1. Residue check: is residue 193 over 21 Å from residue 7 (Cα atoms), touching a helix residue (DSSP H, G or I) at 6+ places or on another chain (Cβ under 9 Å), among the charged types (D, E, K, R) and without any contact (Cβ under 8 Å) to a residue 60 or more places away in the chain?
2. Select from segment 71-98 the residues that are hydroxyl-bearing (Ser, Thr, Tyr) and modelled with pLDDT under 95 and write down the one among them that is surrounded by the fewest Cβ atoms within 10 Å (Cβ to Cβ).
3. With 43, 35 as the choices, which residue is over 17 Å from residue 108 (Cα atoms) and modelled with pLDDT of 95 or more?
4. Condition first: within 12 Å of residue 103 (Cα to Cα) and in contact (Cβ under 8 Å) with a residue 60 or more places away in the chain. Now tell me which residues in segment 56-70 satisfy that.
5. Within 17 Å of the chain's Cα centre (by Cα), in a strand (DSSP E or B) and surrounded by fewer than 21 Cβ atoms within 10 Å (Cβ to Cβ), is that true of residue 68?
6. Can you tell me how many residues within segment 79-88 are of a type outside the set (D, E, K, R) and touching a strand residue (DSSP E or B) at 6+ places or on another chain (Cβ under 6 Å)?
7. All but one of (1) under 30 Å from residue 80 (Cβ atoms); (2) in a loop (DSSP other than H, G, I, E, B) hold for residue 267, so report the exception by its number.
8. Just need a number here: residues in segment 229-268 that are touching a His at 6+ places or on another chain (Cβ under 7 Å) and free of Cβ contacts under 8 Å to residues at least 12 places away in the same chain.
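The values are calculated or read from the model by the stated rules, or taken from the named source; none is laboratory data. Just so we're clear, the structure is a prediction, and the values are computed from it rather than from any experiment. Neighbour counts are summed over all protein chains in view; Cβ atoms, including those assigned to glycine, are modelled from backbone coordinates with ideal geometry.
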Amino acid sequence: MPELPEVETIAKELREKIVNEVFSNVESIWVRSFTQEKGLTLTNRRIIAIDRRGKYLIFNLDKYYLVIHLRMTGQLIVGASKPSRDRYLRLVFKFKSGKYLLFYDLRKFGRIYLTQNPENVLKNVGVDAISEVFTADKFSEMLNGKKSKIKSFLLDQKNIAGLGNIYIDESLFEARIHPETVINSLDDGQKNKLFTAIRKILFDAIDNMGTTISDYKTTGGGFGDHQEYLKVYQRQNQPCIICDSIIEKIKLNGRGTHFCPQCQKKIT
């Protein structure tokens, strides 16, 4: 699933390519991919700005909003012509300029919503992980009194929006914290270290245009580069770059979780 750095990369590219474009029509090839509130239409709506919260893209239109979640395998590609029918093409948005915005989705889990108010879709989405309001103090406050495991907390988009398996594993390694660590066992120093690690890992990944491991592509069909810099994610059975211990993989909340048993010692 694209995480914050991938969605931020897509948002930046879309701002350059389609802001001020006017929709002429939408073709729904897989109808469940696109939902519009009663009485709303995209026809003649202009894109004023493109924002992002967590893993969601938000198109601010001259009237209404288009909210997009790519889920596991969704891809947005901007093209100058309509492609021949592809088995994974789910939606075709045409602009009056002749450009197209194409939505591909192998797994069919991605969703695009036309709504009068983005909060109708985003009401359960927490603070964005690179927003100005997400500070070290805010993070510490969010963790106070919590008894869940730290990775479980970070995965919950109601808490912090935008983090997923890749960047949580990388951030916990950067902060030298075991993913099963119970939150109320963390001291203030560890909390600050983890906050700093989260921000560093996310901004580094954005600089590298995200991580392409399977399905993620940029809006031009290119790939991210951050997979070249991962230190623990999907490196199970390989030596740690710090201590040469073998990277381990466990299941936590049903999610594959990667860590170094020496650098990220489990507190018992």
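1. So residue 193 passes the test.
2. Checking each candidate, the answer is 84.
3. 43 is the lone residue from the list that is over 17 Å from residue 108 (Cα atoms) and modelled with pLDDT of 95 or more.
4. The one that is within 12 Å of residue 103 (Cα to Cα) and in contact (Cβ under 8 Å) with a residue 60 or more places away in the chain: 70.
5. no
6. Total meeting the criteria: 2.
7. Of (1) under 30 Å from residue 80 (Cβ atoms); (2) in a loop (DSSP other than H, G, I, E, B), only one is false for residue 267: (1).
8. 0
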